[in-house]
Structure formats: structure tokens, C-alpha cells
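Here is the structure we will look at.
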Amino acid sequence: MGSEKETGVRLDKWLWAARFYKTRAIAKEMINGGKVHYNGQRTKSSKLAEVGAVIRLRQGYDEKEIVIKKLSEQRQKAVIAQTLYEETPESIAKRETYAEARRLNVLNNPAPDTKPDKKQRRQLIRFKES
């Protein structure tokens, strides 16, 4: 097992150790579901992660592109986990742009304070039909 640590760590185990996913089972599910790409290609959870590899993964609305800096099989504190990878500057800029767009969309299309009453509903139906 000592030689495995030098050559690579299972991808699902590394994603769990780097704290991208709460459990290894969730990490495996995301990899098998196509939410994680290793060096630009879909991969399997048993793939050995290597230093310098580029991983693209989705977390909710966000899509991150990271480069593996260190390998670890053990889940440790978040401060230590953040040293295992580095997010690319393009990825950071892209995420900020999308976050701003989502924020503006919420501000431009606010929800009404109350539900429409019967008269307003009828007006909406007439408006949609015309």
C-alpha cells in the first residue's frame, strides 16, 4: 500500500479528503453521474488521481476547475484540505460572473408580495390567452 500513495490515490477518496464532498459515497455518485471530469474526460471513481491533473467538477450552481497539488487519503481539517488543490484563475472569474448574473436575475425578477386574487388571476389568464 505504500507504493500506491506515491503513485496516486483513488479519485473518490481524494475528492472526499479535499472536502469537495461530505462522504466518499457522494463523491463516487458524482463521478459516476458525470459531474466530475479528470483531465477533460469523464472518469471512474477508481481512477488514480495524480499531482498536476486538472479536475472539473460541479457543486450546485458552481462549476470549478482545479489542479491537484498534493495527494491525501485522509480527511483532515479544512485548512489542510485547501492545500491539496488550487483553483484556476479562469474558474474563479467564471464562478464570480455566474454568481453576479444569478444575483441580478433575482433582483430584476422579484417575487410579488402577495398571491393574485381572483380578479387578478382572471386578468392574467385573459392576458396569456391573447
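Give me, ordered by chain and number, the residues 5 or more places off residue 43 or on other chains with an amide H under 5 Å from its own placed amide H.
For residue 43, the qualifying residues are 38.
Per residue, how large is the accessible surface of the chain? Use a 1.4 angstrom probe and give square angstrom.
73 Å²
Show me, for region 62-68, the HN-Hα J-couplings you get by feeding each phi into the Karplus relation (A = 6.51, B = -1.76, C = 1.60, θ = phi - 60°), rounded to Hz, glycine and proline as x.
Listing the rounded values in order: 8, 10, 10, 10, 10, 10, 6 Hz.
Normalising by the residue count of region 22-130, find the relative contact order in percent from Cα pairs under 8 Å and 6+ residues apart. If you can, show how the numbers build up before the last one.
Numbers: 97 pairs, mean separation 16.0, N = 109.
About 15 percent, as a whole number.
On a 0 to 90° scale, report how tilted helix 118-129 is relative to the longest principal axis of the chain, with both axes built from alpha carbons and the result rounded to the nearest 10.
Between helix and principal axis, roughly 80 degrees.
In the chain, with Lys and Arg counted as +1 and Asp and Glu as -1 at Cβ, which of these residues, 105, 83, 120, has the Cα nearest the positive end of the dipole, that is, farthest along it?
Selected residue: 120.
Modelled label-to-label distance, residue 51 and residue 130, 7 Å Cα→beta-carbon offset: nm?
About 7.0 nm separates the two model spin labels.
List the residues, sorted by chain then number, that are 5 or more residues from residue 9 or on another chain and whose placed amide H is less than 5 Å from its amide H.
Result for residue 9 returns 49.
Please report, in whole Å³, the volume per residue of the convex hull around the C-alpha atoms of region 32-130.
About 206 Å³ per residue, rounded to a whole number.
Helix 89-108 versus the longest principal axis of the chain: what is the Cα-based angle in degrees, 0 to 90, to the nearest 10?
Its long axis makes an angle of about 20 degrees.
Just subtract the alpha-carbon distance of residue 25 and residue 44 from 0.36 nm times their residue separation and send over the number in nm, one decimal.
Full-extension gain reported as 5.5 nm.
The values are calculated or read from the model by the stated rules, or taken from the named source; none is laboratory data. None of the values given here were measured: they were computed from a predicted structure. Here Cβ is always computed from backbone atoms with ideal geometry, including for glycine, and neighbour counts include all displayed protein chains. The area values use the complete protein model at the heavy-atom level, side chains included, leaving out ligands, DNA and RNA. Shrake-Rupley method; radii C 1.70, N 1.55, O 1.52, S 1.80 Å.
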